[in-house]
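These notes concern the structure reproduced below.
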Amino acid sequence: MPISRRRVLRGMVGGTAVSLALPLLDCYLNTNGTAFADGRKMPVRFGSWFWGLGMNQSIFVPKKTGMGYDLPEEIVSWKNVSQHINLFTGLTAFRDGDPNLCHYTGWVINATGQSPASGGDKPGTTLDHTISNQKGRTTRFKNLTVCCTGDARSTVSYESANSPTPPDASPLNFYTRLFGPSFQDPNAPEFKPNPRLMVRKSVLSGVMDEVKGLEGEIGASDKQRLDQYMTGLRQLEKQFDQQLTKPEPIPACIAPKEISDDPAPGAEVDLMAIRHKMMTDLLVMAAACDQTRIFTMNYSSAQANTTRTGFEKPHHTTTHEEPVGPLGYQEQCSWFTRRSMEAWAYHVEAFSKVKEGDGTLLDNSLIYAFTDHGYARVHSLDNMAAMIAGRCGGKIKNGLHLKMDGATTARLGFTIQRLMGVDVKSWGTRSNATDKEVSEIMV
C-alpha cells in the first residue's frame, strides 16, 4: 500500500492516543521531486558581540603586542578588563573578486567565512547557530539574540540564508521572555513543571514505537530524512526535559529585578547605552541560570545610524563626510567608536563579576566581538579588528594583542568552533578557507 501524505504516527501515552505528523518524504513526490551540583564541569557559553563601522587604526591599535598591551585612545575604556580580552588586529575579509558590499561583506565573512556575491546573497549559517546546533539543545533557549538599537531588523544571526534571527529589541519583552511565568528558578524550594510541556513531551515519546515500523516501509533517502526529523524531535525532547526536571541549584543564578518599562525610543548614544546595559544584564543572568548557552548581542547595526545630542549627523554619515582633523583622525567619528568600546568593556565586565564555581561566568564563556569594516571612511576590508573575551572553560589565555598580518578573519571563526567542540576540519571558502587555529591564545 502506498504511504499516504496524510499518514501520521500514532501511539499511546497513559492510555491516551497521541499522534504526530510526518515530514515531507521523497515517497510523496514525483520522480523529479518537484511536488551542577554533582561535580560536572561548568557549561561553556558562546556569545558574539557586534558593533558597526570599525575603528581608526592610528588610535585603536596598540603599539605593543603580546601580554600587557597598551590602550590607545579608542580603547582606553578597557583599562579594567583588558586582562580578559584578546585583541586581534590586521585581519582581512577576502572577497575574491566579489563586490565590496558596504557594511555587509565584512560582517558576513566574519560570521560565516564566505564572501557574498551580491546584496541578495544572504549569509548561510552564522557562527552562533553553527555552535548552538551542536551545543545548545539541552537548555531552555537554544540561543538568544538581542539588539540595542530598538530595531528588530538589526541582526547578524542567521539559521540559514532564508532564516534570519530577529533579535529581541525590547528589554521589557526580553525580561518577560526570560524570567516571566515559564522561568524555573533552580534555587526555588518548590518545582512545578509546565503541564503544556509535559503533554508535548509525551506526544513525542508516544510515537517512537511506530517510527520503527515505518522505517521498514520506506526507501533509503526517506529513512535518512526521517532520521533527521526524529533527531530534531529528540533534541526538542532534551529541551523539554530541561524544563520538566527540577534544575540543580545554581548559586550564580539570581533573577534580576523586574523591568516595568522600556527606555525611550531612539538611536541617541545615551539611550543605546541604557538598552545595552539592560540587555547585557539580562543575558548575563540568562547564561548564569543556564537558560541558554549561546547568545548574540548587536550593540549597533552595521550601517550604524547612532546619533549624538547636539551633533547634526549620525555615525554612519560622519564616517564619510567628516574631514580628517588636526589630530590626524576624524574626531567626531572617533567619539562614536569610543562609546562602542565603552559598551564592549561593560559587557565583558558584567560577565566577569558573576562568581561561578572557583572562577567566574566569563571564565566559562567565549565572547567574540566583530565588526563590518576596518576604516569605515573608505569601506576597508583590511586592517580589521576583532576581540575574544573569556577563558572558554580554561582553554584560552587572555590579555594578548596579536597582529594577524593580513590573515583571513575566518581563522578566528575556525578557532572558536574548535574551542567550542564543534567537529570541523576547516572553515570558510576560497581565500577565506582555513584549517589553521590561532594557537597563540590556546592553552
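Can you find a residue in region 157-172 that is among the β-branched types (Val, Ile, Thr), within 16 Å of the chain's Cα centre (by Cα) and not in a loop (DSSP other than H, G, I, E, B)?
Looking only at region 157-172, we keep the residues that are among the β-branched types (Val, Ile, Thr), and these are 165.
Those left that are additionally within 16 Å of the chain's Cα centre (by Cα): 165.
If we keep only those that are not in a loop (DSSP other than H, G, I, E, B) too, we end up with none.
Looking for residues that are among the β-branched types (Val, Ile, Thr), within 16 Å of the chain's Cα centre (by Cα) and not in a loop (DSSP other than H, G, I, E, B), one finds none in region 157-172, hence no.
Scanning region 91-122 for residues that are polar (S, T, N, Q) and either surrounded by fewer than 22 Cβ atoms within 10 Å (Cβ to Cβ) or more than 20 Å from residue 55 (Cβ to Cβ) (or both) yields a total of 5.
Taking the criterion of being in contact with a helix residue (DSSP H, G or I) (Cβ under 7 Å, 6 or more places away or on another chain) and closer than 17 Å to residue 86 by Cβ, the only residue of region 57-68 that qualifies is 60.
Test of understanding: among 128, 96, 151, which residue is in the same structural domain as residue 412 (by TED's automatic domain parsing), among the charged types (D, E, K, R) and on the phi > 0 side of the Ramachandran plot?
Working: 128 fails: on the phi > 0 side of the Ramachandran plot; 151 fails: on the phi > 0 side of the Ramachandran plot.
Just a single option satisfies the conditions, and that option is 96.
Looking at (1) out of contact with any Cys (no Cβ under 7 Å at 6 or more places or on another chain); (2) under 26 Å from residue 90 (Cβ atoms); (3) surrounded by fewer than 18 Cβ atoms within 10 Å (Cβ to Cβ), find the lone condition where residue 322 falls short. With respect to (1) out of contact with any Cys (no Cβ under 7 Å at 6 or more places or on another chain); (2) under 26 Å from residue 90 (Cβ atoms); (3) surrounded by fewer than 18 Cβ atoms within 10 Å (Cβ to Cβ), residue 322 is out only on (1). Comparison of 146, 199, 207 shows that the only residue that is modelled with pLDDT under 85, surrounded by 17 or more Cβ atoms within 10 Å (Cβ to Cβ) and either farther than 21 Å from residue 422 by Cβ or of a type outside the set (A, V, I, L, M) (or both) is 207.
Quick one: which residue in 283, 327 is crowded, with 21+ Cβ neighbours inside 10 Å and at pLDDT 95 or above?
Details: 327 fails: crowded, with 21+ Cβ neighbours inside 10 Å.
Exactly one of 283, 327 is crowded, with 21+ Cβ neighbours inside 10 Å and at pLDDT 95 or above, namely 283.
Among the residues of region 60-90, the ones that are β-branched (Val, Ile, Thr), outside any strand (DSSP E or B) and crowded, with 17+ Cβ neighbours inside 10 Å come to 3 in all. For region 411-427: of the residues being of a type in the set (Gly, Ala, Ser) and closer than 30 Å to residue 83 by Cβ, which is nearest to the chain's Cα centre (by Cα)? Taking the candidates together, the pick is 413.
Anything in region 367-390 that is part of a strand (DSSP E or B) and more than 22 Å from the chain's Cα centre (by Cα)? List them, or say none. The answer is 375, and nothing else.
Across region 405-436, the qualifying residues are those that are within 21 Å of residue 95 (Cα to Cα) and charged (D, E, K, R), and the one among them that is surrounded by the fewest Cβ atoms within 10 Å (Cβ to Cβ) is 405. Within region 303-318, at least one residue is buried (at least 17 other Cβ atoms within 10 Å of the Cβ), over 15 Å from residue 53 (Cα atoms) and assigned by TED's automatic domain parsing to the domain that holds residue 375.
Within region 349-366, restricting attention to residues that are under 22 Å from the mean Cα position of the chain (by Cα), surrounded by fewer than 24 Cβ atoms within 10 Å (Cβ to Cβ) and not charged (D, E, K, R), the residue that is nearest to residue 102 (Cα to Cα) is 366.
The values are calculated or read from the model by the stated rules, or taken from the named source; none is laboratory data. Since this is a predicted model, take the numbers as computed values, not measurements. Reconstructed Cβ throughout: ideal geometry from the backbone, glycine too, with neighbour counts over all protein chains shown.
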